[in-house]
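Novice: Okay, handing you the structure first.
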Amino acid sequence: MTALLLGALGLTLSLVVPGLLANARWPDRAPAAAVALWQSITLTGVLAALGVVLAAPEEVTRAADSGRRVTEVAVIGALVVAAVIILRLLISLAGVTRRSRARRARHRMLVDLLDRAEQHREIGPDHLRVLDGALPLAYCVPGREPRVVLSRGVLQVLDREQINAVLAHEQTHLRHRHEVVMESFTAFYRAVPGPLRSRQPLDAVHLLLEMIADDAARRRVGAEPLRAALERLTDAVPLAEDVKPDPRGDARRRRLDRLSASHTPSVALNVLAGVAAVGLLVLPTVILVLPWLDKALDKWPL
Amino acid sequence: MALGDLEREVMTQLWDAGEPLTVRQVHERLSRQRDLAYTTVMTVLDRLAKKGVVTQQKADRAYKYAPSQSREEMTASVMLDALSSSVDQDAALAYFVGQLSPDALAAAIEASQKQK
């Protein structure tokens, strides 16, 4: 019974809930809590899968009243499968971390060499780099030695206040270590077997992190410069005709919409989402796993 | 002067020269602005060669150094790298404010290269 319930929970969390949460609009008003909820959903999904793997063989052998020998084999098999799942997740995380670190290190080396330092002496932060490109582009390279990179195009189309808004946005990504959050979701995505895999958490969390950075920038410089920067940076890009329609235009519109509305961080939503995140992690363990563990340990064969 | 700044300035000299330079030539160009040891320039060029951004070629018993890519090429490849961080390939390297699709931006980079 425990295994069935955990299985149902795991499937719901990996197949049904992501769709609902990805399409909901309330996270726009509580992005940080929504990220926590996504993390909790993902982690609980993993725990549920581990729960099924551990509980199912034990429950089946107990129900069938199998002999000691069979139960032993079943439990050992379950432990091995659980260990494989955990290893797969850890290996995926190590791989994603290693690759993106190497890539960032090389990228940082190149922007340091290409930097047009003379163009931004008065703009500010030490780790700012300006690339000599007309295409307006702003991004950050996270890591122990982070960089914020702007193209010359950005300096041309944005005024000083708007540049400050962009810098504040990128600084927030760096300060809050958003790359770690993205890396963990990427690692999870890659470790999950094909049919159960969904891009929705990745895309939703990516957008939410942008919103968090937008909110921090808005607090520092006001909504208007940030909004203007967001609009100008994309408008300034000379789009070729044969380019596919922007798949994330939707996301940008959402960010612009919430920047034009007056900023009312919803305390109630934050609290609710936070409680849901913690509840999701704790409740299944308490309600389903502990009673089973109690029974299972009584008859522990090893 | 920090090593990073020095590396950047050496690259700038090589890019601006438009032809391969010897250590002595780089040293001369940099010495117009400041006091700099010959061996320092040699070390910096060696480091840049190890990083693969500078190529070393032997000509008339002296080594000459040239950038492995023009400044424009390297800038374009760095920008493309920043943009092609699609999430299912690898953790995002770049969060860019504009949120355009990598395809659209790659096309835009090409377009802006052609304008030059």
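Novice: For segment A:190-197, indicate whether the set of residues that are within 10 Å of another protein chain (Cβ to nearest Cβ) and modelled with pLDDT of 90 or more is non-empty.
Specialist: no
Novice: Which ones in segment A:198-211 are touching a residue at least 60 places away in the same chain (Cβ under 8 Å) and either surrounded by 20 or more Cβ atoms within 10 Å (Cβ to Cβ) or among the acidic types (Asp, Glu) (or both)?
Specialist: Result: A:Pro201, A:Asp203, A:Ala204, A:Val205, A:Leu208, A:Leu209, A:Met211.
Novice: A follow-up question, please. So, of the residues in segment B:42-56 that are closer than 20 Å to B:Met74 by Cα and away from every other protein chain (no Cβ under 14 Å), which turns out to be modelled with the lowest pLDDT?
Specialist: B:Gln56
Novice: Only one of A:Val141, A:Val166, A:Val154 is touching a residue at least 60 places away in the same chain (Cβ under 8 Å), surrounded by 23 or more Cβ atoms within 10 Å (Cβ to Cβ), within 7 Å of another protein chain (Cβ to nearest Cβ) and β-branched (Val, Ile, Thr); which?
Specialist: A:Val166
Novice: Go through (1) loosely packed, with under 14 Cβ neighbours inside 10 Å; (2) within 14 Å of another protein chain (Cβ to nearest Cβ); (3) among the hydroxyl-bearing types (Ser, Thr, Tyr) and name the single condition B:Thr39 misses.
Specialist: (2)
Novice: What's the total number of residues in segment A:89-118 that are more than 13 Å from chain B (Cβ to nearest Cβ) and surrounded by 15 or more Cβ atoms within 10 Å (Cβ to Cβ)?
Specialist: Total meeting the criteria: 1.
Novice: A further question on this structure: Kindly check whether there is at least one residue in segment A:5-13 that is modelled with pLDDT of 90 or more, of a type outside the set (Phe, Trp, Tyr) and more than 25 Å from A:Ala191 (Cβ to Cβ).
Specialist: No: segment A:5-13 contains no residue that is modelled with pLDDT of 90 or more, of a type outside the set (Phe, Trp, Tyr) and more than 25 Å from A:Ala191 (Cβ to Cβ).
Novice: For segment A:169-189, give me each residue that is among the hydroxyl-bearing types (Ser, Thr, Tyr), surrounded by fewer than 23 Cβ atoms within 10 Å (Cβ to Cβ) and facing chain B (nearest Cβ under 8 Å).
Specialist: Across segment A:169-189, the qualifying residue is only A:Tyr189.
Novice: Right, another one. Does A:Ile123 fit the bill of being more than 10 Å from chain B (Cβ to nearest Cβ), part of a helix (DSSP H, G or I) and out of contact with any Pro (no Cβ under 7 Å at 6 or more places or on another chain)?
Specialist: Judged against the criteria, A:Ile123 is not a match.
Novice: Sticking with this structure for a sec: Answer yes or no as to whether A:Glu145 is in a loop (DSSP other than H, G, I, E, B) and among the acidic types (Asp, Glu).
Specialist: Criteria met by A:Glu145.
Novice: Testing B:Ala104 on (1) modelled with pLDDT under 80; (2) more than 7 Å from every other protein chain (Cβ to nearest Cβ), one condition comes back false. Which one is that?
Specialist: (2)
Novice: Just to be sure I understand, how many residues within segment A:230-264 are modelled with pLDDT of 70 or more, hydrophobic (A, V, I, L, M, F, W, C) and more than 18 Å from A:Ala24 (Cβ to Cβ)?
Specialist: Going through segment A:230-264 one residue at a time, the tally reaches 4.
The values are calculated or read from the model by the stated rules, or taken from the named source; none is laboratory data. What you see is a predicted model; the values in this text were computed from it and never measured. All Cβ positions, even for glycine, are placed from backbone atoms using ideal geometry, and neighbour counts span all protein chains on display.
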